[in-house]
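Visitor: Below is a structure I'd like to ask you about.
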């Protein structure tokens, strides 16, 4: 993937927006280190001894309960779960997953497919599969957790809300990992699901502002991903965007590409409307939260090349925070230029950051354009990376610095970056 992006950046003109395809926040990010990172030491207390079947106590409990009640004895789930935990602690993840899946099956047989009693076991399986690095099993298990929590349907308890947001976040992570062939289908389905959740919320008599904000923030991240894939050919535009499962051709490549192109063609306006709808609510957000919504809307517009509209939003941030005597927060948000999108948009796992550090010094105009770039790299023999960073920064979109309510240029800003593996 990085090779393709590198070739793209070497061949494409610098006027191409940085998000077509997205570069900053996906391929390289701001570094929080001042020196090259050292390899982490593995201090996990693991025992890889072969032939260990687990504690005799657990094995005897499993055998006795299978003999007395059969393979689906209700009380069998507990010793199976304990045995799974034991093997996970010893880093025998495959064996741990087998015991935990067995325990989950027992619970599902005895209690039903969508009962809350499954949740602790599903959580243990998520942890185990992530440690294993088994992305497909992780994907399947997240789907189970989402179904148990109602698949986004009301009642929207705190637990269901958290599980819904976690499922949406995982879908973005799975899309970024690219471990399957239906990535575009996943992104289309993710946008449609998130849209449905927001539409369902609008139908409620008393909309929960906090829940509304969380769902919009999630959808905006999805739309960043959509716009970050590069423009789709015009031949795929046309028709109307349907909800999940409405078309008999919903899984065909042509249909998926058409749906994606339709989403992408309206994404900029859709993201803007979602944020504006939040801001139109008369109550539910305090001063800082309202200012932050204007900031996020400004960032979305700025990243998509709508600098004038973005500047209006940034000035609203200035006005709100100055009136509320929040000068320190104003300086934090708008006191210096910031790379877009913001750090949390693409949700990069810190473990994916590579060891190469690139230091760049450059000017940022009052419209957020980067010029006069000087680059150094550590280790110094990574000259190819320094060239890429220079190319990427030239096409990047920055939130400009604001002083006294007006955008102003900044000269010789120095930042350090890391590549994403």
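Readers should treat all values here as calculations from the given coordinates under stated rules, not as data from a laboratory. Fair warning: this is a prediction, and the values are worked out from it, not measured in the lab. Quick reminder, even Gly has a Cβ in these numbers, built from the backbone with ideal geometry, and neighbours come from all protein chains shown.
Visitor: Roughly what angle does helix 77-89 make with the longest principal axis of the chain, taking Cα atoms, 0 to 90 degrees, to the nearest 10?
Guide: 50 degrees
Visitor: On to the next question. At what distance in nm do the modelled label points of residue 342 and residue 177 sit from each other, each positioned 7 Å from its Cα along Cα→Cβ?
Guide: Label at residue 342, label at residue 177, 2.7 nm between them.
Visitor: Contour minus end-to-end for residue 147 and residue 308, with contour as 0.36 nm per residue of separation and end-to-end as the Cα-Cα distance?
Guide: Gain in length upon complete extension: 53.6 nm.
Visitor: Identify the residues of region 69-94 with backbone N under 20 Å of a label point that sits 7 angstrom from the Cα of residue 56 along the Cα-to-Cβ direction, or state none.
Guide: 79-80, 82-84, 86-87
Visitor: Compute the angle between helix 307-323 and the longest alpha-carbon principal axis of the chain, please, reported from 0 to 90 degrees and rounded to the nearest 10.
Guide: 80 degrees
Visitor: Still on this structure, I have one more. Hey, with R₀ at 45 Å, roughly what FRET efficiency would residue 273 and residue 374 work out to, going by the Cβ-Cβ distance, to 0.05?
Guide: 0.65
Visitor: Still on this model: Between the alpha-carbon centers of region 391-413 and region 349-378, tell me the distance in whole angstrom.
Guide: Value for the Cα centre distance between the two parts: 13 Å.
Visitor: If I take the Cα coordinates of the chain and project them onto the principal axes, what are the three extents in Å, biggest first?
Guide: Result, largest extent first: 77, 58, 51 Å.
Visitor: So for the chain: antiparallel DSSP bridges make up what percent, rounded to the nearest 5?
Guide: The answer is about 95 percent antiparallel.
Visitor: Let's test the formula: R0 of 25 Å, r as the Cβ-Cβ distance of residue 67 and residue 157. What FRET efficiency results, to the nearest 0.05?
Guide: With R0 = 25 Å, the Cβ-Cβ based efficiency is 0.05.
Visitor: Taking only Cα atoms, what is the 0 to 90° angle, nearest 10, from helix 287-303's long axis to the longest principal axis of the chain?
Guide: Between helix and principal axis, roughly 70 degrees.
Visitor: Let me ask another. I'd like the distance between the alpha-carbon centres of region 284-332 and region 183-203, rounded to an integer number of Å.
Guide: Computed from Cα coordinates, the inter-centre distance equals 27 Å.
Visitor: For the chain, what does the relative contact order come out to in percent, with C-alpha contacts under 8 Å and a separation of six or more?
Guide: Normalised by residue count, the contact order of the chain is 19 percent.
Visitor: Once both labels are modelled 7 Å past Cα along the beta-carbon direction, what's the residue 415-residue 111 spacing in nm?
Guide: Placing both labels 7 Å along Cα→Cβ, they lie 4.7 nm apart.
Visitor: Now for a different question. If you average the C-alpha positions of region 146-165 and of region 86-109 separately, how far apart do those two centres end up, in angstrom?
Guide: 25 Å
Visitor: Based on Cα positions only, what radius of gyration and what Dmax would you give for region 357-421, in angstroms?
Guide: That works out to 12.8, 43 Å for Rg and Dmax.
Visitor: Right, another one. Shape verdict for region 55-180, please, from the Cα gyration tensor: rounded (a/c under 1.5), prolate (a/b greater than b/c) or oblate.
Guide: oblate
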